[in-house]
Amino acid sequence: MMEILTVENAMDLAKLGLQLLGTLFVAWCAVGWALQRFKKEKRWERKVEALARVIHALAEMDRVTFKWIQEVAEERPYLEQYSAELRGRYKEARRELERTASIASILLSQDINGAIRDLLRHLDRGAGEDWIESLWEDGREIEKTLQTVVSYGRKYVND
């Protein structure tokens, strides 16, 4: 037998339709919120990764510069093999800083980017007449930049 569509049946059908639309809307909102959260977390991860890479490169440059200053201060030259290793470590850390600086310019604050750019400009000027004084200046600039980046990193990660 065929049922005739009554007002009561139409109301039930309308209720089911509204429930379906409500469920679809809630699902759509939930997916949107989840996607937004996922994107936010990915951005945060990329920022932390860029910070870590910058800090690692700066810390390595700082360690090597300290070793060179120590070598000069103690007036005891390192063995050539160790000196070559230090030069290699410094060059690799500098390359990593330069590679990461481009990523950091997009992801990190202008304060960090400015500090990195200033450091790279300082280092690009090269050694002056007095190599020892240049080494001390480079060490101070690297340390200052490292402190700026670490300070920003602590603030960013803990917020």
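Would you mind telling me which numbered condition in (1) part of a loop (DSSP other than H, G, I, E, B); (2) crowded, with 18+ Cβ neighbours inside 10 Å; (3) not β-branched (Val, Ile, Thr) Leu146 fails?
(1)
Among the residues of segment 74-116 satisfying the criterion of being aliphatic (A, V, I, L, M) and part of a loop (DSSP other than H, G, I, E, B), which is farthest from Val157 (Cα to Cα)?
Applying the filter and picking the extreme gives Leu79.
Taking the stated definitions as given, is Glu49 modelled with pLDDT of 90 or more, in contact with a Leu (Cβ under 8 Å, 6 or more places away or on another chain), within 30 Å of Tyr156 (Cβ to Cβ) and assigned to a helix (DSSP H, G or I)?
Spelling it out, it is not the case that Glu49 is modelled with pLDDT of 90 or more, in contact with a Leu (Cβ under 8 Å, 6 or more places away or on another chain), within 30 Å of Tyr156 (Cβ to Cβ) and assigned to a helix (DSSP H, G or I).
So, Val54, is that one surrounded by 15 or more Cβ atoms within 10 Å (Cβ to Cβ), of a type in the set (A, V, I, L, M), free of Cβ contacts under 8 Å to residues at least 40 places away in the same chain and in a helix (DSSP H, G or I) or not?
no
I'm checking my understanding of the structure. Among residues of segment 114-157 that are β-branched (Val, Ile, Thr) and farther than 18 Å from Arg99 by Cβ, which one is farthest from the chain's Cα centre (by Cα)?
Ile132
The values are calculated or read from the model by the stated rules, or taken from the named source; none is laboratory data. Note that the structure is a prediction, hence the values are computed from the model and not measured. Ideal geometry is used to build each Cβ from the backbone, glycine not excepted, and the neighbour counts take in all protein chains shown.
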